[in-house]
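Right, one structure below, let's go through it.
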Amino acid sequence: MSRLSRWFDPGPLPAQSESRGRDSGLTVLGCLGAAALLWLIEAQGGGYVVHMTTLAGLFAVLAISYNLINGVTGQFSLEPNAFVACGAYVTALLTLSPAEKEMTFILEPLVWPFAVISLSLPVALVIAGLVTTLMAFVMGFPVFRVRGDYLAIVTLGFGEVIRVVANNAQSVTNGPLGLKGIPHLTNIWWAWGLAAVTLFVVMRLVNSSYGRALKAIREDEAAAEAMGINAFWHKMLAFTVSAFFEGVAGGLLGHLITTISPSLFTFFLTFNLLIIIVVGGLGSTTGAVLAAVLFTFGGEWLRVVEEPISFLGLDIPGIPGMRMVVFSLILMAFMIFARQGILGKHEFSWRWLLGLVRRRGGRA
Amino acid sequence: MTPSDLLRVDGLTCRFGGLLAVDSLSFVLGQGQLMGLIGPNGAGKTTVFNLLAGAVRPTGGRVFYREHEITGKKAHRINRLGLARTFQNIRLFGELSALDNVLVGFHGHLQANFLSAILRLPGYVAAERQMLSRSAELLDLVGLGELKDERAGNLAYGQQRLLEIARALATRPSLLLLDEPAAGMNPQETAQLAVLVRRLRDELGLTILLIEHDMHFVMNLCETLVVLDHGKVIARGEPAAVRCDPGVIEAYLGVEVDLDACEAPGA
Amino acid sequence: MDALQQIINGLTLGSLYALIAIGYTMVYGILRLINFAHGDVLMVGCYIAWFGATMFGLPWWAALMGSMALTALLGVLIDQGAYRPLRKAPRISALITAIGVSFLLENLGLVVFGGRPKAFERPEIFNQLLQWGDLRVLSLSLWVPVITALILAGLLFIIHRTRLGMAMRALSRDLVTVQLMGIDTNRVVAATFALGSALAAAGGIFWAMKYPQINPLMGVLPGLKAFVAAVLGGIGNVTGALLGGLLLGMCEILLVAWLPELAGYRDALAFVLLIGILIFRPSGIMGEELPE
């Protein structure tokens, strides 16, 4: 055997690239800068700005997760409203005190495990994330039997089923009345802390061998299978990871707006996330974060075009107004004229930023 | 099936509606053999590859790989057993870099689970670094070392064919199915490809089954040929014998065949 | 008697689903595009008819005809403006655009027509209460299946006996080849959108007469369910859409009749059926191959 067979056997490990140390340093600096900015917003910005910033953080979590299955893995699905709903309900049912729950559930009493327990928010969030993951896991079996448009419709159907269940399963969800008086526990740090964790986990996953496999499935599923990749389980991986974070974000969303009902989790929510990931560039995780922030604050700015001032935030569906007309037009315009979105399939990287700065500096 | 047989195909049949694409095909491929599968357009050659690699379920017949029956098994399982392929209509992961395409090939053998990948546990980090250096070596082997960061979709046609071979090699096969590897290559590239294919067999001990239309390439490279027409085997044997088979000449009529060579057997 | 009553109800509802499903199935057959906006096109058709009847005092049949014509035009405009630029783009891009069109129509509807439902008057001929013993049926419930059958017969005639229909059938087999043969595919696609949208308007108007009110979001659920009906019947197949629509309508009515405690889950039934069909018989009742 010649030297050609070497890649079959273990050999000496190559050295690490020299730019990694610099990049990690810059990332730490960037995180500190972002934390300082959040601290400044919390200290100086009014309650409204803080609320919107918190909401932007949650939208960033949802967009990163949604992009993992839609953009990175290329499985165009329409179910995040179901996962967010699941997370929101489970968390709220776990954190509300038994007395409050008894007061809320007038028509039909709440079922057993929820009726008697009351947990702290972090524990409740983890449980909600796991329950949502389990739901995604069960859903994944029928869902990933189909592809393309059918996948979109089946997942949309699941979202509808969850909404109908939330409306009807009175003894768990309190029906159309929903849950009220959820403690306002979500602050800017919870939202952006979760966003940081989600970004970290998803970026690590995407930039690993598993991430390459997910992208390979997006590019050509049959070829990926021929290269020994079990497409079903990899799709399931992306789906459940994204469901976990969507569930946790749903829990935080409930504890931000303090009242949840089935009408909050319609397809409208999914539509907003779809706009975000399309604008950010399908497949770009950092683009999703950027677009989530743009969308939340851009949506506020767009209120100018809308006469009656609506209350709360973007998370309330069914606001009659021009804003949604504009959003729909933006989505269509991006699809027709700028399908790549802001970042395309690329990611923000320090090398790119430094290169940009250097080029600018060179020109000056 | 003798111990040295790597692949045994037994009455393999595939029907698409009314069309009999492959009609009870049988052959045995010994360890370390270099076999060519040839035939006119539409003879069913690529369908045979799809059947062997698990992309299409056969209507009848059986396929054995080593001691495993792989008839109708899923493509990824067949690949993991050691059978890798390239595609006639190049199916690279176009948006990924050349290096990433090869790295994807290694993924199936990754031992570390996704949690250790996210947490970058030592086991995963070591495996990743290993995959990186092996992938670079594979790219060097097929002559694409310089282009590892290029988007696969941007490579020239011949380079894409070579990248497909490197990606298939990354899955650590014992049997390699090459579907028209020389298509679209210029004579110089084709000559280099022939050298590469022979090295894969001689130096790595790979068994190779290839489909090719370039008769010069096939006749010089392969030790045995199976000739298909309308899904049926019409001839098999050594290139010299197959070349002069009247049935083959008839099937290929209109296609360039070196008839002169037949008049002086052994030439 | 009760069973007969339920069958008539199911037949009526099923016919409405079928009328809407046909538009989905025709567009899908040719472009492989789920025209998400189909249900909202239906809503616009209803508003056009409403304006025709209440503002211009048109008789119901004139409002229906006018609405079908204008809705057909809307369908063509949507295709030309939003989908045509994406013919060569990845299929998912067109699907996302279709979702955008759907939301655009819904929200324009909210802005222009307002969110409050409008009463939709039932014409005299459809408003008679017929009674045989225990059986009480609104004349509309009997007319709807009849009209659906007539429309379907006309459509099948167009598809199988005219040049346009021939081009449509050819297109649904192989768009590229048909293009190469010198047929103006864009005109055929436009005609498909026109026909499908006109049928959606008709379906929507009878839907509106049944419930009798309209609102800007009324098209969402019938649209989604009609799509499920189209898949049930085997997407791309017009007769299949009819069967799928009838099956779905019957199932919904029977669920409510037999298991009244589950009546609240009625809107989820379509999707449960869809998931079941995709698992056990992905090609639908009529057996068209399910494309990748």
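Just so you know, all these numbers are worked out from the coordinates, no wet-lab data involved. These numbers were taken from a predicted model, which means no experiment stands behind them. No Cβ is skipped: glycine too gets one built from the backbone with ideal geometry, and neighbour counts run over all protein chains shown.
Brief remarks on what is shown
- Taken along its principal axes, the alpha carbon cloud of segment B:167-210 reaches lengths of 28, 18, 17 Å, longest axis first.
- Counting, for every residue in C:107-113, the Cβ atoms of other protein chains within 10 Å of its Cβ and taking the mean gives 5.
- In units of the compact-protein estimate 2.2 N^0.38 Å, segment C:96-143 shows a Cα radius of gyration of 1.90.
- Both radii come from the Cα set of chain B: Rg as radius of gyration, Rh as Kirkwood radius; their ratio Rg/Rh reads 0.99.
- Between the residues A:125, A:209, A:110, the greatest Cα displacement towards the positive end of the dipole of segment A:97-218, with unit charges on the Cβ of Lys, Arg, Asp and Glu, is found for A:209.
- Cα point-scatterer Debye curve for the protein assembly as shown, base-10 log of I(q)/I(0) at q = 0.06 Å⁻¹: -0.50
- Three principal axis lengths of segment B:20-73 [C-alpha, angstrom, descending]: 32, 26, 18
- If you bin all the Cα-Cα distances of segment C:2-280 at 10 Å, starting from zero, the percentages per bin are 7, 29, 36, 21, 6, 1, 0.
- Normalised convex hull volume, segment C:1-81, alpha-carbon set, Å³ per residue: 118 Å³
- Mean projected area (nm²) of the alpha-carbon convex hull when segment C:70-216 is viewed from all directions: 11.7 nm²
- Where Rh is the Kirkwood radius over Cα pairs, Rg/Rh for segment B:1-116: 1.01
- Computed over segment A:66-184, Kirkwood Rh from alpha-carbon pairs, angstrom: 15.3 Å
- Residues whose placed amide H lies under 5 Å from that of residue B:30, excluding near-sequence neighbours: B:6
- Electrostatic bookkeeping for residue B:148 treats Lys and Arg as +1 and Asp and Glu as -1; over the other residues with beta carbon under 13 Å from its beta carbon, the sum is -3.
- Per-bin percent of Cα-Cα distances, chain A [20 Å]: 27, 56, 16, 2
- Relative contact order (%) - chain A, alpha-carbon pairs under 8 angstrom, separation at least six: 28 percent
- Take every pair of alpha-carbon atoms less than 8 Å apart whose residues are at least six positions apart; their mean separation over the length of segment C:2-280 yields a relative contact order of 40 percent.
- Descending principal axes extents, segment A:25-77, alpha-carbon based, whole Å: 42, 32, 7
- Quarter of Cα convex hull surface for segment C:170-279, i.e. mean projection, nm²: 8.7 nm²
- Think of the protein assembly as shown as having a plus end and a minus end, set by charges on the Cβ of Lys, Arg, Asp and Glu; of A:184, A:63, A:270, A:184 sits farthest toward the positive end of this dipole.
- Within a straight-line Cα-Cα reach of under 27 Å, residue A:101 can be paired with the following lysines, leaving aside sequence neighbours fewer than 8 residues apart in one chain: A:180.
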